[in-house]
1. Would you pick out the residues in the stretch 12-41 that are under 23 Å from ILE84 (Cα atoms) and of a type in the set (Gly, Ala, Ser)?
2. Does ILE49 meet the test of being of a type in the set (A, V, I, L, M) and more than 21 Å from LYS129 (Cβ to Cβ)?
3. Can you pull out every residue in the stretch 1-12 that is at pLDDT 80 or above and either surrounded by 12 or more Cβ atoms within 10 Å (Cβ to Cβ) or not in a helix (DSSP H, G or I) (or both)?
4. Considering only the stretch 80-92, I want to know if a residue exists there that is at pLDDT below 85 and of a type in the set (Asp, Glu).
5. Looking at the stretch 102-125 only, could you name the residues that are over 20 Å from ASP89 (Cα atoms) and of a type in the set (A, V, I, L, M)?
6. Exactly one condition in (1) modelled with pLDDT of 90 or more; (2) touching a helix residue (DSSP H, G or I) at 6+ places or on another chain (Cβ under 9 Å) is not met by VAL128; state its number.
Amino acid sequence: MEFMKKVNEISKFVGKTATETYNTVADKSGKLIEDAKLKLSVSEKETDIEAIYEEMGKTVYDMYKKEEDVGKAFEKECKKIDKIKNEIDEMNKKILYNKGLRVCANCGEVISTESVFCGNCGQKQKPVKIKEEKKASKEKEEKVTERVCPQCGLICTPDAKFCNKCGYEFK
């Protein structure tokens, strides 16, 4: 009887450790995937800016040829570029945040998110605020980890109502 009790304790420990390891790996790989997606989005946004620059150049030339004033014609296009650059800045901020880093608001040095003061300039830092996308926050809410049976230690699927091995009812 003592032997079975030890086997159950070991199974529970191994199951818990395996689940924790899986969750850690899943979290890290999720961050890598998110970083890759963000970097791809940044690249696409930079391509959008280049297209706007090109269109602006064509418009300036056309207006010049017609001997028109070229000054105010680009305010709308410049605002588009500003908006895209702000989106790129936010994506770059998320990439750094996923690595536990951020940029000092005063000197631009890359520092830890845990830093209260910048190691380069000594400026006190404000807490990091990352804009969450609605889609990403919904995915986090839906994320459920596996269930570990407290009776036998078996790792079961998140939606399991009973343990496949011993029949324990999850509550």
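1. ALA36, SER41 - these are the residues of the stretch 12-41 that are under 23 Å from ILE84 (Cα atoms) and of a type in the set (Gly, Ala, Ser).
2. Yes; evaluated as a whole, the condition is true for this residue.
3. Within the stretch 1-12, VAL7, ASN8, SER11, LYS12 qualify.
4. no
5. VAL116
6. (1)
Residue-wise test of (1) aromatic (Phe, Trp, Tyr); (2) in contact with a helix residue (DSSP H, G or I) (Cβ under 9 Å, 6 or more places away or on another chain); (3) surrounded by 11 or more Cβ atoms within 10 Å (Cβ to Cβ); (4) touching a residue at least 60 places away in the same chain (Cβ under 8 Å).
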site: ASP89; (1), (2), (3), (4): no, no, yes, no
site: LYS94; (1), (2), (3), (4): no, yes, yes, yes
site: TYR97; (1), (2), (3), (4): yes, no, yes, no
site: CYS104; (1), (2), (3), (4): no, no, yes, no
site: GLU114; (1), (2), (3), (4): no, no, no, no
site: PHE117; (1), (2), (3), (4): yes, no, yes, no
site: GLN123; (1), (2), (3), (4): no, no, yes, no
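The values are calculated or read from the model by the stated rules, or taken from the named source; none is laboratory data. A quick note: this is a predicted structure, and the numbers were derived from the prediction, not measured. Please note: Cβ atoms are built from the backbone with ideal geometry, for glycine as well, and neighbour counts cover all protein chains shown.
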